[in-house]
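Read the structure below first, then the notes.
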Amino acid sequence: QRKDGEQKMATAREKAGMLETAEAMEAAEAGVLALYKGAVTPAGVRMLADAHTLAMITNLFNNRKPQAEEHARRAYILNPNVTIDTTLAGTDEEQFFKKTTRQVASLPHGTLELVTVPPGAQVFVDGAPAGPSPVTKKDLLPGPHLVQLVMPWREAVFLEVVVPPGGT
């Protein structure tokens, strides 16, 4: 899935560079979906965050501001150090990204409390190990986070968990 996602993101960049904005947006959205399950390592999460920034840019090119805002939020939550590709984005897109991420950063951080039955599943939050369950992870940016649960002899479970501002 990761290779498929990388290929779709390369197509999105190529189409955006050729000003084929609808095709670029479609490829970027497909790339985000393909990379979602591969985001189980810090490198995979950074790649997904980058994919969200490209999806933000292509949605702005297509006048889809609410979707662009959601991609910007998700990129920042996954990787607060993420930057946008300035070879594709202009000043307007860069300012949009900065404004959206400032809004997210200004919200009160929240806590994730996760319990599994049976206890002891290895928990990863946004690709980083959080320890065996039960887990309490404090000071998370509010919004959606990727959680992976790993137990021996079982298939890994992937969840998207929304942390409310200032809540648990």
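The values are calculated or read from the model by the stated rules, or taken from the named source; none is laboratory data. Remember, predicted model here, so these are calculated numbers, not experimental data. When we count neighbours, we look across all protein chains shown, and the Cβ atoms used for this are built from the backbone with ideal geometry, even at glycine. In case anyone asks, the SASA skips ligands and DNA or RNA and just uses the protein heavy atoms, side chains included. Shrake-Rupley method; radii C 1.70, N 1.55, O 1.52, S 1.80 Å.
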Computed lengthening from K3 to F158, 0.36 nm per intervening residue step minus Cα-Cα distance: 53.9 nm
Options (1) 22; (2) 16; (3) 8 - which one matches percent of Cα pairs over 29 Å apart as calculated here: (1)
Projected label distance in nm at V150 and K98, using a 7 Å step from Cα toward the beta-carbon: 3.9 nm
Selected from G127, Y36, A16, residue furthest toward positive end of dipole (the chain; charges at beta carbon): G127
Segment 78-168: Rg to Rh, with Rh as the Kirkwood radius over Cα pairs: 1.09
Amide hydrogen neighbours beyond the local backbone of H145, cut-off 5 Å, H modeled: V161, V162, V163
N62 long-range amide H proximity, modeled H, under 5 Å: none
Cα-centre dipole for segment 85-168 with unit charges at Cβ (Lys and Arg positive, Asp and Glu negative), debye to 20: 300 debye
Given charges at beta-carbon only (K, R positive; D, E negative), |dipole| of segment 1-102 in Debye: 400 debye
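Which value at 222 nm does the chain reach when only helices count, each DSSP H run of 4 or more adding -39,500 (n - 2.57), with the total divided by all residues and rounded to the nearest 500 deg cm²/dmol? Could you put the intermediate results ahead of the total?
Numbers: 5 runs with 82 residues, N = 168.
Roughly -16500 deg cm²/dmol at 222 nm, from the helical runs in the chain.
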Heavy-atom surface of the chain, accessible at 1.4 Å and reported per residue (Å²): 53 Å²
